[in-house]
Amino acid sequence: MEGLSQNRTGIFYNEFVLFGFPGMIRYRKLLVLPFLFIYITILAGNLLVLHQIFIEPKLHSPMFFLMSVLFIGNISSTTSVLPKFLVGLSLDMNRISLIGCLSQMFFIYFLGGFESGVVLMMALDRFVAIRKPLLYNNIMTKTLIVQLVVAAAARSALFTVPTVTLTSSIRFCRSNIIVNFVCENMGLLSLACTDISKVQLLGLIIKSFITITDVGFLLVSYFSILHTVMVIIAGKARRKALHTCICHVVTATLIYVCSLLASIVYRMHTHLSYDIKNLFNAIYLLVPAALNPVVYGIGIKEIRSCVAKTWKKYNSVIPSLLLGQSGLCKWKGGSQGFMSR
């Protein structure tokens, strides 16, 4: 009723209330627990693998650098959403300005597009490594990798800025309540009282273009890689190549399937509740970020062995610290010995 009365008086909103999971009014505060657990899991998993890649010299290669970029993207995308949601649930601070809403929207779409670009780069890296192994180091140089990362960021910004800019020019007067836990474009546009057809068409074109071109490139790349692996490579090298490629394919599948499901569910206006739509939005934003470290931590032997080695070290140092100074000296010596090898 507030939105209708404001509409009649000609007042337009520039501040909104994020009201995610409206069907759980009595228990909304309890959502802090699962979402906080998911956020801590995402931070811990991604930072753990990032730490291993940073400290282990044998992981300083293009493939692992691209993985680290993906993990940084995972942390950034969830951090752009979850802290605001958790503070809102805990302290009833659910209000967000139009600028804040547009900023959050920009980061969600920019990082989503950038993540897709990183997945493409990882496919290119494996394509060169398996199809042109002798030329791999000459082709996949540090300079090329940095240029590809910059290009992926520029492409994502190029697609994101027009949508956010057009959305910022729209007036909102239907209501100031966004029935979502994030500032998602369709949720904000549902409050508009001016024509939104251009924004909707632009968003549809951009999403379709990115999805079709990126998925098409991935399919061609991995079918070519699979053919090479099955025909030319044999033995342990084949198994290693397959395991690595399977991890990349699982990551790409998680990203695109979760995105597709969220888009489909959000467009089913009359068939599903807002809680279900919010849930699928959460799956799209959080599940890939939570599972990517698990996929690579289990599937990539080099990362798995590094994590196991680090776990054994910390497992041995804690009892030594508890036993006293002699154990601590022994640990320091062992650490120096490891670093010197």
Quantify, in whole percent, the carbon and sulfur part of the accessible surface of the chain (1.4 Å probe; protein heavy atoms only). 71 percent
Sort the following peptides by mean Cβ neighbour count (other Cβ atoms within 10 Å, averaged over residues), highest first: 275-282, 20-27. 275-282, 20-27
What FRET efficiency would be calculated for the residue pair Leu242, Lys132, taking the C-beta separation as r and a Förster radius of 25 Å, to the nearest 0.05? 0.90
Enter the angle in degrees (range 0 to 90, nearest 10) between the Cα long axis of helix 82-91 and the first principal axis of the Cα atoms of the chain, meaning the one along which they spread out most. 60 degrees
Options Gln104, Thr167, Val179, ranked by Cα towards positive dipole end of the chain, top entry (Cβ charges): Gln104
Average accessible area per residue (Å²) across the chain - probe 1.4 Å, nucleic acids and ligands excluded: 54 Å²
Report the charge-dipole magnitude of the stretch 152-296 in Debye, nearest 20, computed about the Cα centre from +1 at each Lys and Arg Cβ and -1 at each Asp and Glu Cβ. 360 debye
The chain, helix-only ellipticity at 222 nm - DSSP H runs n ≥ 4, -39,500 (n - 2.57), divided by all residues, nearest 500: -26500 deg cm²/dmol
Between helix 197-231 and the chain: long-axis angle, C-alpha atoms, 0 to 90°, nearest 10: 20 degrees
Rounded to the nearest 10, the angle in degrees between the Cα long axis of helix 325-340 and the longest principal axis of the Cα atoms of the chain comes to 90 degrees
Candidates Thr251, Thr41, Thr143: whichever shows maximal mean-square fluctuation once the chain is modelled as a Gaussian network with Cα springs under 10 Å: Thr143
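The values are calculated or read from the model by the stated rules, or taken from the named source; none is laboratory data. None of the values given here were measured: they were computed from a predicted structure. Methodologically, a virtual Cβ is constructed for each residue, glycine included, from the backbone with ideal geometry; neighbour enumeration extends over all protein chains shown. Just so you know, the surface numbers come from the protein's heavy atoms only, side chains and all, with ligands and any DNA or RNA stripped out. Shrake-Rupley method; radii C 1.70, N 1.55, O 1.52, S 1.80 Å.
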